[in-house]
Each structure stands twice: as C-alpha cells, then as structure tokens.
Amino acid sequence: MSWLAFAFGAWALGWWLNARLAARPRTQGTRLAVPLIFGITLIAIWEGLVRGLEISPVLLPAPSMIAVRFVASTDILWEDFVQTVIKGALSGYAIGCGSAFLMAILVDRFDFLRRGLLPVGNFVAALPVIGMAPILVMWFGFDWQSKAAVVVVMVFFPMLVNTVQGLADSSAMQRDLMRTYAAGYWATLLKLRLPAAMPFIFNGLKIASTLALIGAIVAEFFGSPIRGMGFRISTSVGQLALDLVWAEIVVAAVAGSAFYGLVALIERAVTFWHPSQRHT
Amino acid sequence: MIEAQNLDLTFQTNDGPVHALKDVSLQIDKGEFVSFIGPSGCGKTTFLRCMADLEHPTGGEITVNGVSPEAARKSRAYGYVFQAAGLYPWRTIGGNIRLPLEIMGYSKADQSERVARVLELVELSGFEKKYPWQLSGGMQQRASIARALAFDADILLMDEPFGALDEIVRDHLNEQLLHLWARTQKTIAFVTHSIPEAVYLSTKIVVMSPRPGRITDVIESPLPKERPLDIRDSPEFLEVAHRVREGLRAGHLDD
C-alpha cells in the first residue's frame, strides 16, 4: 500500500513542481528542468505502481530492477552495442547514405534516371523494407554484414529522394546568375546547387538515422551470431529475462537519440543560414 | 557596343505563340546609359535577356561587343543585376562578391583586393563579413551590384534592380548609381517601369509597348551629365518625362 502512496505522491509532487516552473518565464534552466522532472516523475510512478500492485517482472520489471541489471551486464550490453550499432547500423548508414547521395547526383544529371528511377524509388520508399530482412540475411550471412545490408536498403531511397529534391531547389534566377558567369556544370553544382540542397540532405540524413537503428535491430531477429541487441532481445524474451530486454531498449533509446542529436547538431552548423536555423 | 537589327522573339506557349519582341533595332554606344521603359509585357526584360544570352531570338541579328551574345557571355563581357538581389545566404557579402571571381579563376590576392574595391564603390565597406539576411533590402541590392562590378565587364545589364525598394531608398541608390557610372565608365542598360527613374539616369531612353513587344520611341536626353537630385524639378527634365509619358500612351492606343 505504501508503494501506491509513493506513486501517488510522486505524481502530485511532479505535477506541482512542473506547473510552478512552467508558469515562470522560460530560461535555460527551466527549459532543461521541466522535461527532466517529467521523466523522473514517470519513472517514480512506474516504480511505485509495479511494486505496489505486485506486477510480475515478466510483464513489467520495475525501473530499479532494470537499472541493477544494466549495471551488472555492462559487458554484454557493450558487446551488443558494438555489434549492432557500430558494425551494423553505422556502416550500413554510411554506405547507404553515401551511395544514395552519389546516385542522386547522377539522377539529377541524367533525365532518364530521374524519370525511371525516381518513381521506383518512391514506390520502394513506401514499402516496409524490413520484410526483405530474411532474404538479405540469407544472401549476406548471419553476421553484421547482412544487418548493414538491411540498413542500406532502408536508408537508400529516403536519402535519394530528399537529395534529388534538394538539388532541384535552386531558383531559376540563381541558375541564370551562374549562366551569366559562364559557370560550367561542376562550378554550378559545387557553388550553388549542393549548398542550396543541404537542408534537404540533412532532412534525409535525420530520417535515415532512425531507420538505421530500427533496421539493424530488427534484422537480427531473422538470424545472427550470439551477440547483438536484436539477438539479445529476442532470446531474453524467450528466457523471461525481461529486465535484460529493457536494459537493451534503454541502450537503443540512448544510442538512437545521441545519433539523431549528432546529425541535428551538424545540420545546425552547416545550414546556419537557413531560415529554420537562424536565431538572429 | 550592343547592336540589334530587326530582332524577333516568339515564345511558344499553351495559348499559342506570344510575340515578345518584334522588329527591334537599336544601337547602344560605349559609355551610354540606356533605359528601357514600358508596361509589363512590352519585352524590355526579354530584350535585356537577349543581350545576356539568357533568351534566344527567333529572328534578326544581335551583337554584343561585336560578337554574338553567347560569345560575349562566355568571355564575361557583362555583369547582370537581377530584380532581386539573389545573394547566396550561405555566403557572406564578401563571399558573394567573390563568387564570380572564384568561378573565373582570379587569384586569391586579386579577389580580396577587388572585393574591397567594389564594396567601397557601393558604400558597403565594413559589411564584408555580414550575411545577406543581416542587411536591409537596399543594402542587399547594392551588394548585388558590387558582385556584378567585381570582374572587368564593360557592360552592366540591370533588370529593374530597384523595383522592390521604397521611394526614398530608390532615390538614394539612383544617385549612387550615377556616381558609380561616372567613375567606372561602364555601358549600362537599365530596365525600369518608373518614368522619373528612367529620365533621371539615362543618356538615352527607349520607350517600348506590348503586343507585340516593340520600340515606339528613342529619346536622347538633353540633360547634362552632372545631375543633382533636384534636376527633377527643372523644365528640361519635365519635358523629357512628358515625352516619355506620351510615348507610353501612344503605345497603348492601339489596344
């Protein structure tokens, strides 16, 4: 009963604190504090309810239990992180986005590619590509290479479509201006069209960053060596070790946010001139 | 300098052919300041774009510096100023002016020297490191003029460069442009739809009318080269303005 009271108390305290903070003028401090208090309150309520209602840890382990498990299994979590995020997701992301970028420049240059490949690209981008994962695991084997292949397939078309759109974003007047300088194709590409395309390119990179992690984890459900986040999640569910599953999810959430945040940070530095990024 | 003989240009559109230019003949000499004035659709911008090789005539002859517009464009014979400043937001003012110089392969030292010189010419010294979106519209347009002046083109083609600015800024920029023209000895072709602007700036005013786009009158200005702003109240000025207005009206009569 006392745990239920704790949950209720946490809810009331969190509400009271945030209501007071939100009423104040926005500062750097409150901007950080409000979501932080919100999150801590949620975790406290979760802890209180799970203990107070004696929910089976198989259904939902308490946050404290997940934390204990997390600390006890850092070596496993690190191994899985390297296998899935570094080897699978990141290499797939780099290969997929890089090749999509080069392909976009070709598509932009050759009209038959634009008219042939882009509709196909839009079609494929709408498909749940993850359905191809078992096939790719068959082709590229159980190790990270097949996961990277799944990621490549997932990120390729969103990145391609965004980059092509970005390359077409310069105005007729800007292109006329380059013409009056008798600028050739490469000068126009490097000095006008690529910089103008950057907001679109980063949009593609951000979309691809979340897709990459999903692809790498889910692909492991269809076969993997005995490490990796997806592998750990599916086998630990079988062993009813739900605390470890949740610990993996925490790692995935942190890695995903950090990855997205890093891309957004680079975007801010590169496209500082775009109205959506300007703060002056 | 620029010579057009019986120039014709017909655009094929979904509503049938549009006669943008018909039988346009004109000669612009070195060092002249020629304005093109007329209602929208009279082909004044199209004519300017023909000189710049941005539009291709369907009939007649046009030469720029004695060669075809394409050859003139490839030899970077002219600087073009558009209606909007069109500065690249990811480059500073200095970077924007350096853009044509980079493309044309000027040395780094030469680039810096030229950027400083043209910024001084348009009175924007000290703004080299600013970004275009930190400047007012008038300053942006001045920077775009500086960009067109940075390389050694004898001809300046200007397509309603001050059309989007308010009257006060416009007066000031007109005055500056005259000083600049006197200092640089460029040949200027200037499209406008403002009668006072055309009369104040030009040595020669070309009045055009639409459907089909053609020249209805060419007026050699009797005004002296030295022109303070209050010359606009003098009888000579008003007389020229009157003749331009008459020409514009005559063009409209056959509608």
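The values are calculated or read from the model by the stated rules, or taken from the named source; none is laboratory data. This structure is a prediction, so every number in the text was calculated from the model and none was measured. Cβ sites come from the backbone with ideal geometry, for glycine too, and all protein chains shown count toward neighbours.
One residue stands out in the range B:75-85 among those that are crowded, with 19+ Cβ neighbours inside 10 Å and either in contact with a strand residue (DSSP E or B) (Cβ under 9 Å, 6 or more places away or on another chain) or within 7 Å of chain A (Cβ to nearest Cβ) (or both): the one that is farthest from B:Lys30 (Cα to Cα), namely B:Phe82.
If you check A:Leu213, A:Leu205, which single one turns out to be in the same structural domain as A:Gly96 (by TED's automatic domain parsing), in contact with a Gly (Cβ under 6 Å, 6 or more places away or on another chain) and buried (at least 20 other Cβ atoms within 10 Å of the Cβ)?
A:Leu213
The conditions of being outside the structural domain of B:Lys204 (by TED's automatic domain parsing) and β-branched (Val, Ile, Thr) are not met by B:Ile188. Pairs, please: C-beta under 7 Å, at least 6 apart or cross-chain, first residue more than 12 Å from chain B (Cβ to nearest Cβ) and over 16 Å from B:Arg91 (Cβ atoms) and in the range A:265-276, second surrounded by 17 or more Cβ atoms within 10 Å (Cβ to Cβ) and of a type in the set (Phe, Trp, Tyr)? Listed pairs, sorted by first residue: A:Glu267/A:Phe202.
Tell me the helices (runs of 4 or more DSSP H) entirely within the range A:154-242 that contain at least 2 residues that are among the charged types (D, E, K, R).
On the way: elements: A:172-180, A:185-188, A:194-219, A:229-238.
Of the helices (runs of 4 or more DSSP H) lying wholly inside the range A:154-242, those with at least 2 residues that are among the charged types (D, E, K, R) span A:172-180.
Going residue by residue through the range A:250-261, is there one that turns out to be away from every other protein chain (no Cβ under 14 Å) and either of a type in the set (Lys, Arg) or on the phi > 0 side of the Ramachandran plot (or both)? Within the range A:250-261, none of the residues are away from every other protein chain (no Cβ under 14 Å) and either of a type in the set (Lys, Arg) or on the phi > 0 side of the Ramachandran plot (or both). Please go through the range A:232-280 and pick out each residue that is β-branched (Val, Ile, Thr) and either under 19 Å from A:Gln83 (Cβ atoms) or more than 23 Å from the chain's Cα centre (by Cα) (or both). Of everything in the range A:232-280, those that are β-branched (Val, Ile, Thr) and either under 19 Å from A:Gln83 (Cβ atoms) or more than 23 Å from the chain's Cα centre (by Cα) (or both) turn out to be A:Ile233, A:Thr235, A:Val237, A:Val245, A:Ile249, A:Val250, A:Val251, A:Val254, A:Thr280. Take the range B:87-138 and flag every residue that is within 24 Å of A:Gly184 (Cβ to Cβ), buried (at least 17 other Cβ atoms within 10 Å of the Cβ), away from chain A (no Cβ under 11 Å) and over 20 Å from the mean Cα position of the chain (by Cα). B:Gly94, B:Tyr106, B:Gln111, B:Arg114, B:Val115, listed by residue number.
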